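See structure below.
No value in this document is a laboratory result; all are computed from the given coordinates. It should be emphasised that the depicted structure is a prediction, and the values quoted were computed from it without experimental measurement. Neighbour counts run over all protein chains shown; Cβ positions are idealised from the backbone, glycine included.
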Amino acid sequence: MIYKKDANFPYPILTNTSTSYEDSYFLLDVQLQENTHDYLFVIEYVIESDFLKRLLDNGKAQLILVIQSKDNKFYELSPNQSVISIPKSRISVSKRTTIQLQLKSKAEINFRFNEDLSDFYQQFKDEIVVPKNSILGFSNVVIFEGSSTKPVDLFEKKIDPSLASDVKIELGNETIIIHYKDEKLQFNELQMSNTLNNPYIYMGLQKALQRFIYNNGEDGEVDLEQIEAPIDQLDFKLYNLMRKKMISELTIDSVDEVIYSISNRILEKYAAAVRGLGQDGN
């Protein structure tokens, strides 16, 4: 099974929200690729516990990739494995697919030498013994939405001469739509046209993230580690984008900081493009 919220265990568990460990990090990022016959899951993860990493190194713990679509499937990962190939005949990603990385004990584990635990456990950690085949930790959840008709595209551009303004930002079902009154506003005749449109991209992200907060948060803030993945397709794309950048919280006050983190310095690139035009004498 996949754990979407902290579950109760009779011993310390490493998760991204647990207080059992001094530094609670078990981060997972997955990229989905495919060819004619197979799905390829490209995996990156970070486990912030030297004790648990030693268990992996000496074979006393095992990483398990859990993929939930129509049913749960479990795949054991070998040390340093970063790609798992699964035949399309054995798994379906046509609907929402949920993925989590779990750490399981392969032998009985005594926590006597676990120096990563929080202070609460330090006095009696010698007494903590975890049986074989027990969960030692689990990562965040990564979700792929197979039903999305535009799974990658975040922006669309359209021309509308009837606009009452030069540019209008519209939030569609799956994309942020930038409407231009005049095609000249897109700078299509210039080599750096995409970069010169970055201020409109920034405006669109601001508007979309503000709506994300309204749809998914309370009192002007969203705890991204606690909410379920949004049903709205545009919100879902923004959610995945923020989680991949390890952003845990979105607030009205932090919208610009979040845009900086997820947009790869779009205003800096815009400024460089404008300076380049000046140097060219255009």
Study note, to complete from the structure: Rounded to the nearest 5, the percent of DSSP beta bridges in the range 155-280 running antiparallel is 65
Check your understanding: How large is the charge dipole for the chain, taken about the Cα centre, if only the Cβ atoms of Lys, Arg (+1) and Asp, Glu (-1) carry charge, to the nearest 20 debye?
Key -> 1040
Review point. Which ³J(HN,Hα) values in Hz, rounded to whole numbers, follow from the phi angles of the range 13-22 under the Karplus curve 6.51 cos²θ - 1.76 cosθ + 1.60, where θ = phi - 60° and Gly and Pro get x?
Key: 10, 8, 9, 6, 10, 6, 9, 6, 10, 4
Check your understanding: 222 nm [θ] for the chain, helices only, -39500 (n - 2.57) per DSSP H run of 4+, per residue, to 500?
Key -> -7500 deg cm²/dmol
Review point. From the backbone phi of the range 162-177, what are the Karplus-calculated ³J(HN,Hα) couplings (6.51 cos²θ - 1.76 cosθ + 1.60, θ = phi - 60°) in whole Hz, Gly and Pro given as x?
Key: 7, 4, 7, 10, 5, 9, 9, 9, 10, 9, x, 5, 10, 9, 9, 9
Review point. Within the chain, which is the longest segment containing none of the GluC sites (Glu not before Pro) that sit in a DSSP loop and have at most 12 other Cβ atoms within 10 Å?
Key: 1-107
**Study point:** Selected from N264, N215, N240 as most flexible by GNM, with the chain as the system and alpha-carbon contacts under 10 Å
**Key:** N264
Check your understanding: Between I176 and residues 5 or more places away or on another chain, which pairs have amide H atoms under 5 Å apart, with H built 1.01 Å from N, and which residues are they?
Key -> F155, E156
Check your understanding: Mind listing which trypsin sites (Lys or Arg not before Pro) in the range 39-88 are in a DSSP loop and have 15 or fewer other Cβ atoms within 10 Å?
Key -> K70, K88
Practice item. Give the long-range amide H neighbours of S92: residues separated by 5 or more places, or on another chain, with amide H under 5 Å away, using H modelled in the peptide plane at 1.01 Å from N. Key: K70
Point to revise | Segment R54-Y260, extension gain: residue separation times 0.36 nm, minus the distance between their alpha carbons | key: 70.6 nm
Revision key, fill the gap. The answer for chymotrypsin sites (Phe, Trp or Tyr not before Pro) in the range 47-107 that fall in a DSSP coil and have at most 15 neighbouring Cβ atoms within 10 Å is none
Practice item. For the chain, just the Cα atoms, rotate onto the principal axes and tell me the three extents in Å, largest first. Key: 72, 45, 39
Review point. With point charges of +1 on the Cβ of Lys and Arg and -1 on the Cβ of Asp and Glu, referenced to the Cα centre of the range 155-280, which listed residue (I259, Q233, I178) lies farthest in the positive direction of the dipole?
Key: I178
**Study point:** the chain, relative contact order in percent, only Cα pairs under 8 angstrom and at least six apart counted
**Key:** 14
